[in-house]
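Contents: one structure, followed by commentary.
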Amino acid sequence: MEQILATVQIYFEYVIEWAILLCEVIGVTVIVVTAIRGVIAWLKKDPHVKLMIAEGIALALTFKMGGELLRSVIVREWSELLILGAIIVLRAVMAVMIHFEIRSERNLLVGDAGEKSRESKKPPIVKL
């Protein structure tokens with residue numbers, strides 16, 4: 001019975017390590033694709049470039065956090081757990097800051113669009 005449990009544990013650790021790797025690769029891929037799209041949008045002078053980059057970074061950070069949470073499953077020592085906890089806290093703080101940036105950028109873009117629509121509704125000025 002102990003041999004079976006040891007074998008299952010080994011396979012479980014392999015599955016977790018592959019899942020961690022997959023989450024990390026997806027996160028890095030999202031960052032790279034977002035950076036490329038951001039440069040292209042910046043060159044085209046797209047006003048939504050900051051919002052697009054912030055959303056891409058937030059998505060990548062979510063995958064990276066998922067990898068860190070999976071890593072917590074196979075932690076063996078307290079020192080590893082403390083380091084992992086510090087990484088998770090730092091990434092959570094970064095996620096909150098990025099989501100704040102996204103919200104403020106959306107509000108700014110909505111405010112600019114609202115001002116433009118109000119300007120277009122003003123009656124023309126007639127000089128006599």
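The values are calculated or read from the model by the stated rules, or taken from the named source; none is laboratory data. Bear in mind that the values here come from a model prediction, so they are computed numbers and not experimental data. Neighbour counts run over all protein chains shown; Cβ positions are idealised from the backbone, glycine included. Note: accessible area is taken over every heavy atom of the protein model, side chains too, but ligands, DNA and RNA are not part of it. Shrake-Rupley method; radii C 1.70, N 1.55, O 1.52, S 1.80 Å.
What to note about this one:
- Selection of segment 64-83 for residues being basic (Lys, Arg) and in contact (Cβ under 8 Å) with a residue 12 or more places away in the chain yields LYS64, ARG71.
- VAL93 fulfils the conditions (1) of a type in the set (A, V, I, L, M, F, W, C); (2) closer than 24 Å to LEU108 by Cα; (3) surrounded by 17 or more Cβ atoms within 10 Å (Cβ to Cβ) except for a single criterion, (3).
- Of everything listed in (1) surrounded by 12 or more Cβ atoms within 10 Å (Cβ to Cβ); (2) part of a loop (DSSP other than H, G, I, E, B), the single unmet condition for VAL33 is (2).
- VAL28 being β-branched (Val, Ile, Thr), under 30 Å from LEU108 (Cβ atoms) and at pLDDT 90 or above: yes
- Screening the candidates ILE26, ILE20, ILE16 for the property of being in contact with a helix residue (DSSP H, G or I) (Cβ under 6 Å, 6 or more places away or on another chain), open to solvent by 50 Å² or more (accessible area, probe 1.4 Å) and not small (Gly, Ala, Ser) yields one hit, ILE26.
- Residue selected from segment 45-90 under the condition among the charged types (D, E, K, R) and either closer than 14 Å to CYS23 by Cβ or crowded, with 18+ Cβ neighbours inside 10 Å (or both), by the criterion nearest to the chain's Cα centre (by Cα): GLU55
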